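A short worksheet on the structure shown next.
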Amino acid sequence: MIRTWRLDDARQTLALGSREGRCPEVIYWGAPLPEREDLPALAGATQLDVTGGMLDENPDLSICPEAARSFPGQPGLIVRDADGTPLLPQFSLADDSQTDTGLKIVCADLVNRLTYTAEFTLDPATHVIAMTAELTSDRPLHLHWLAAPTLPGPQQADEMIDVAGRWCGEFQLNRTAWSPGIRYRENRTGRTGHEHFPGLIVPCRGATNASGEAYAFHYGWSGGHRMIAEELPDGRRQIQFGHAARMETAAATTFKTAPLYAVYSSDGLNGCAVSFQRHLRDRIVTWAKPDAPRPVHYNCWEAVYFDHNIPKLKEIATRAASLGAERFVLDDGWFGQRDDDTSSLSDWEVDPRKYPDGLGPLIDHVHEAGMSFGIWFEPEMINPDSNLHRAHPDWALGAEDQILGRQQKALNMALPQVRDFIYERIAALLTAHPVDYIKWDHNRVLPMPDAAQTRGSYALLDRLRADFPHVEIESCASGGGRIDFGILSRTQRVWLSDSNDALERLKMQHNAALFLPAAVTGSHVGPRRCHTSGRTLDIEFRAWVAAQRHMGFEMDPRELDSREEAVLREVTQWWKANRHWMYVADILRLDSADEAVVAELQLAEDGAQFVLFAGKAATSTQIVPRPLRLTRLDPSALYEVSLRNRASASHLSRGQQALKNGPVTLSGAALMHSGLTLPWSFPESMWVLEGRRL
Ligand code: GLA
């Protein structure tokens, strides 16, 4: 006896089956099945055989694989009774309910008195399936591990792609071959982390950015996750995501995973990327002013660091505005006695030495220059050298002799009095001044993983958002250390990296687009000589790389010469003229035939226009550029394509290419099959092409 369920949209079918009343398993996930498909027959037809050396029946690869049913891989749940006795759950189907887009499965273990509930929600517009698992019991239990509903990994895949990184080097993709055993990633740092972005892509054999089948996963949680991608002895594959193990420190009667977002694509990695981009932008982020254009930022960090001086900041603000900035963000250094990073975190009162009349005069100046005002906080942190630490050393999280990170500790966000204290300090500033933006930093890892800490941070953010709905928040953690759909349901922008090196950013942004839309991805034009890499890059390249995402500036504008100013002004104007459609465009990674070229197409929602950014990250091996194939155009439509910055062609580019002389008109078919052949260019430069459907 098998009971089945299915969820469908135009792109995919997800089908589940419960055999003999046991916990269901995914029996199909992929391209849409016809309505008349006989799911029990499908379940029967896809069953594995049994031969020598095997059990007499293959244990289910259920949505919560159970150790007690001889499952040969990692279980979906590891839990102990309050006295420490391990429980070995065996679930039976107890209840189920279904809507067009949602499915709820309830399973019960009567012996251990446990209830397991899995919920699936399919968004037919973005094609993202969000799923959670919940465990409840009639008495407090200790949780070691609870996976969001377990999904099968495709058999037609040879490898998986996951995302690692470091400070100033976020979003590095790693490819690992599937083989018997486990690819196990666990982030025990207590924040989403640079090191282990909670995402996975499984491309099926031959898939590229633009074609082939792929599956992608993202776990929307900011406290550190665990991922298991396992090939079982019988060849089946399972994918599990959940909070990092043992991060629930207290016994409880209810545990719930964060949402696991999963998507299937039949048109390459871009199919997954576009789903995540749209889902994040249109379903997860709550915009403070949904209809207002994203303002061009100016952030003063790399211009002044801790050296806040009002006349200097005013001059910088005036210049930033004249270049096109629309929001001025005052970074670290305005509070306590914060002259370097050794003190004052948690003393959120304006430093009267630097601001004798408070922030008012600077804010007024910023407003007069036509910009809005934003300010930096690092709410969850405390320096031992701070008034708060002297008054309440017990409010800090972790042992007294813990290793500090950037001379600081984290506050214990599970304590309501800590949250109230921070809330009041931030609310006082937001009430006293017209501030519409917070850069919310988190510059150290936690002394140990602790889910209550993340819940505390979420609660504080939620309270502030409810009381100050006009204030936008940027999630920063030494750059991209806290980027995930959990934090992004409470914030509107991420600081992708502390690296303002356009060359590093080019690649990072390209990879981050597998999950993030341009609308949330901050990107700033940094100093001529990058402060974190020492590399010197031309303003054109720096400006265009920033213009690929949510644009801003972060250098001291007083360092710019007149050419640099002119270029920056022009690119910023271009960005402003195009942001209305780029904000909702899809970022499509192009399959570049030249490894030195990192290229993407940003295609408008209605397909009527696009911009192509072709960044040259290195010198090519071959002498002239290889053609770059576009993607997702209408093959039968004609497009007028022009090289926006053709005036930048080097004197070493001597050919008579049509694109260098003006627009060319070609069909979508030609652009997608032969592609565009660009002029020769220097490394560390960017070609920008604009396209319009005729
Ligand atoms: C972190 C951030 C930077 C800056 C500094 C301020 O490193 O990532 O952008 O705000 O803190 O101390």
**Complete:** Out of (1) within 16 Å of the ligand (Cβ to nearest atom); (2) crowded, with 24+ Cβ neighbours inside 10 Å; (3) not in a loop (DSSP other than H, G, I, E, B), the one residue 504 does not meet is (2)
**Prompt:** If you go through the stretch 561-581, how many residues are free of Cβ contacts under 8 Å to residues at least 60 places away in the same chain and open to solvent by less than 60 Å² (accessible area, probe 1.4 Å)?
**Reply:** 6
**Asked** Inside the stretch 22-41, can you point out the residues that are open to solvent by less than 30 Å² (accessible area, probe 1.4 Å) and either among the small types (Gly, Ala, Ser) or more than 18 Å from residue 66 (Cα to Cα) (or both)?
**Response** 29, 30, 33, 39
**Request:** State whether one or more residues within the stretch 58-79 are open to solvent by 60 Å² or more (accessible area, probe 1.4 Å) and of a type in the set (Val, Ile, Thr).
**Result:** no
**Request:** Take residue 46 and decide whether it is farther than 20 Å from residue 230 by Cβ and either open to solvent by less than 50 Å² (accessible area, probe 1.4 Å) or among the hydroxyl-bearing types (Ser, Thr, Tyr) (or both).
**Result:** no
**Asked** So which residues in the stretch 381-401 are touching a residue at least 40 places away in the same chain (Cβ under 8 Å), away from the ligand (no atom under 16 Å from the Cβ), open to solvent by less than 30 Å² (accessible area, probe 1.4 Å) and within 21 Å of residue 455 (Cβ to Cβ)?
**Response** 397
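When the stretch 436-446 is examined, which residues are found to be closer than 27 Å to residue 294 by Cβ and either open to solvent by 40 Å² or more (accessible area, probe 1.4 Å) or within 16 Å of the ligand (Cβ to nearest atom) (or both)?
437, 438, 439, 440, 441, 442, 443
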**Request:** Determine which member of the set 593, 543 is open to solvent by 20 Å² or more (accessible area, probe 1.4 Å), touching a strand residue (DSSP E or B) at 6+ places or on another chain (Cβ under 8 Å) and not in a strand (DSSP E or B).
**Result:** 593
**Request:** Please tell me if residue 533 is touching a helix residue (DSSP H, G or I) at 6+ places or on another chain (Cβ under 7 Å) and either open to solvent by 10 Å² or more (accessible area, probe 1.4 Å) or within 16 Å of the ligand (Cβ to nearest atom) (or both).
**Result:** yes
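Let's see how each residue does on (1) open to solvent by 30 Å² or more (accessible area, probe 1.4 Å); (2) closer than 21 Å to residue 462 by Cβ; (3) not in a helix (DSSP H, G or I):
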site: 365; (1), (2), (3): yes, no, no
site: 370; (1), (2), (3): yes, no, yes
site: 375; (1), (2), (3): no, yes, yes
site: 379; (1), (2), (3): no, yes, yes
site: 420; (1), (2), (3): yes, yes, no
**Prompt:** Cβ-Cβ below 7 Å, separation at least six or inter-chain, first residue in the stretch 287-299 and touching a residue at least 40 places away in the same chain (Cβ under 8 Å) and under 18 Å from residue 544 (Cα atoms), second assigned to a loop (DSSP other than H, G, I, E, B) and of a type in the set (Phe, Trp, Tyr): which pairs?
**Reply:** 294/583
**Request:** Kindly state which strands (runs of 3 or more DSSP E) lie completely within the stretch 218-324 and contain at least 2 residues that are under 30 Å from residue 78 (Cβ atoms) and open to solvent by 10 Å² or more (accessible area, probe 1.4 Å).
**Result:** 225-231, 237-243, 252-256
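The values are calculated or read from the model by the stated rules, or taken from the named source; none is laboratory data. Because the structure is a prediction, the values reported are computed rather than measured. All Cβ positions, even for glycine, are placed from backbone atoms using ideal geometry, and neighbour counts span all protein chains on display. SASA here: full protein model, heavy atoms, side chains in, ligands and nucleic acids out. Shrake-Rupley method; radii C 1.70, N 1.55, O 1.52, S 1.80 Å.
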